[in-house]
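Written below as structure tokens is the structure these notes are about.
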Amino acid sequence: MKKFDGQKLTEALAVKFASPTRSTRLTVVLGRWLGITFTICFFTGLFSHGLQNPPSWMFFPTSPVWIYQLTQGLHVTAGIAAIPLLLAKLWSVYPELLTWPPVKSPVHGLERASIALFISSALLQLTTGLINTYKWYPWPFPFRETHYWLAWVIWGSLLLHIAVKLPAIAAHWRRQRSKSIVVRRPAAPNPGTSGTGAVSPGRWSRRAFLSAVAAATGAVVVTTAGQSLSWLAPANLFAPRKMGAGPQGVPVNRTATDAKVTELAKSPTWALMVRSGTSSRSFTLDELRELPQHTHELPIACVEGWSQTAAWRGVRVQDLLAAVGAPAGSELRFTSLEPEGAYRTMNMPAEYTRDDKTLVALELNGSVLDLDHGYPARIIAPGRPGVLQTKWLHSMEVL
Ligand SMILES: Nc1nc2c(c(=O)[nH]1)N[C@H]1C(S)=C(S)[C@@H](COP(=O)(O)O)O[C@H]1N2
Ligand SMILES: [Mo]
């Protein structure tokens with residue numbers, strides 16, 4: 001039997017996979033684009049996570065009112081753009097994963113382990129994130145926490161990778177002035193770089209590859225970003241939510257039927273309980289309507305990426321606080337009529353309760369709230385994630 005010769009295999013692979021679409025220059029360009037999208041995702045993700053699960057130092061901006069619409073729209077759009085970029089990057093480096101021997105030294109082993117960790121965590125992060133925007137949670141683990149920790153794993157593996165590669169990166173920068181195009185496998189015959197003519201075909205095909213990747217990335221962005229950017233809404237072919245579709249022209253994330261609140265919400269004895277310490281008051285719907293009403297243009301900006309601005313009308317949370325003698329800027333807890341589920345209770349920090357745009361909304365776009373939008377009363381606050389815009393209110397308590 002012939003002995004297996006890893007060196008020969010490596011050489012054979014080098015010839016087979018040699019292509020101008022696998023030059024160092026190309027992986028560097030793709031790496032840069034990926035770096036930009038991952039950085040956007042990381043910081044907008046930290047912001048979103050912080051708003052929903054605040055650390056002690058968290059700041060809660062209420063202005064501009066569209067701040068979360070912007071950051072979360074960027075988060076989901078950059079995440080979608082990263083998918084074709086990561087696939088192209090994998091295409092351009094995967095022969096590298098087949099080199100022989102698989103581990104040449106401890107440092108080399110570390111380098112490969114960091115790449116394996118990066119690739120697997122990035123693929124998992126992007127696919128579960130994408131599936132999540134379609135409001136589909138086919139896994140047993142909590143999405144948000146997993147998404148959050150995976151982000152740290154991705155950055156950890158990247159930093160490890162960069163640390164291990166630092167000598168090579170430094171050498172590359174030192175060589176920069178020579179301006180030579182470094183082809184990954186100089187030993188391999190590469191017709192693209194061997195010509196003496198003006199324009200080598202290899203450079204063109206690398207450019208063509210990059211153009212194709214850019215076009216694919218642009219296409220997925222243009223056909224999905226319309227879920228959060230109104231001027232791209234007509235091109236929104238693939239994102240799950242369409243602007244303007246839904247009762248009162250606003251999409252619905254969870255219907256009253258799904259939340260099992262229909263009966264409670266339609267009950268003629270419904271009243272909003274407002275409590276501060278030992279003093280409490282109940283407001284019937286008519287009593288709420290008799291209080292001063294205010295209208296504000298505010299967005300619902302779902303963590304899943306879609307958003308839409310609408311005209312909300314109702315009572316200021318401030319005024320309700322004053323009605324029970326509680327100080328302005330008190331922290332509050334709201335409870336929904338919803339019998340169970342993660343969105344049943346919601347805490348609201350002082351920044352929002354103090355803001356005069358934070359409303360207990362009774363109307364949307366000029367008519368009484370639809371049952372699916374939270375009738376008889378819901379919260380709408382500036383700059384907050386959609387999940388915290390609690391529908392079908394039952395009570396409001398000062399903490
Ligand atoms: N009680 C309750 N409030 C809720 C929800 C819910 O499921 N239950 N969904 C939230 C989510 S995830 C979003 S994005 C917004 C959507 O509001 P809309 O359905 O009126 O557009 O409501 C929020 N308020
Ligand atoms: Mo949402």
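Overview of values
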| quantity | calculated |
| --- | --- |
| For region 35-111 and region 332-399, distance of Cα centres in Å | 31 Å |
| Above-threshold pairs, the threshold being 23 Å between Cα atoms, out of LYS89/LYS242; LYS260/LYS357; LYS89/LYS135; LYS357/LYS391; LYS8/LYS104; LYS266/LYS357 | LYS89/LYS242; LYS260/LYS357; LYS89/LYS135; LYS266/LYS357 |
| Sorted by Cβ density within 10 Å, fewest first, the residues TYR68, TYR134, TYR343 | TYR134, TYR343, TYR68 |
| Surface/4 estimate of mean projected area, convex hull on alpha-carbon atoms of region 256-398, nm² | 7.8 nm² |
| Extension gain (nm, one decimal) between THR269 and PHE141, 0.36 nm per residue minus Cα-Cα | 42.2 nm |
| Fewest-first ranking of TYR148, TYR137, using other Cβ atoms within 10 Å as the exposure measure | TYR137, TYR148 |
| Helical contribution to [θ] at 222 nm, DSSP H n ≥ 4, -39,500 (n - 2.57), averaged over the chain, rounded to 500 | -15000 deg cm²/dmol |
| Amide H contacts of LEU332 (H built 1.01 Å from N, under 5 Å, at least 5 apart or other chain) | MET348, LEU399 |
| Residue-span extension gain [ASN347 to ALA163] - 0.36 nm each, minus C-alpha spacing | 62.1 nm |
| FRET efficiency for GLU331 and SER282, using Cβ-Cβ distance with R0 set to 25 Å, rounded to 0.05 | 0.75 |
| Footprinting exposure proxy for LEU288, LEU124 (fewest neighbouring C-beta atoms within 10 Å first) | LEU124, LEU288 |
| Order by protection proxy (mean Cβ within 10 Å, highest first), peptides 268-281, 314-327, 96-109 | 314-327, 268-281, 96-109 |
| For the chain, built as a Gaussian network whose Cα springs stay under 10 Å, the top-fluctuating residue of THR39, THR128, THR146 | THR146 |
| Volume per residue that the Cα convex hull of the chain spans, once the total is divided by residue count, Å³ | 189 Å³ |
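FYI, it's all coordinate maths here, none of it is from the lab. Quick caveat, the model's predicted, so the values are computed rather than measured. Here the Cβ is made from the backbone with ideal geometry for all residues, glycine too, and neighbour counts use every protein chain on show.
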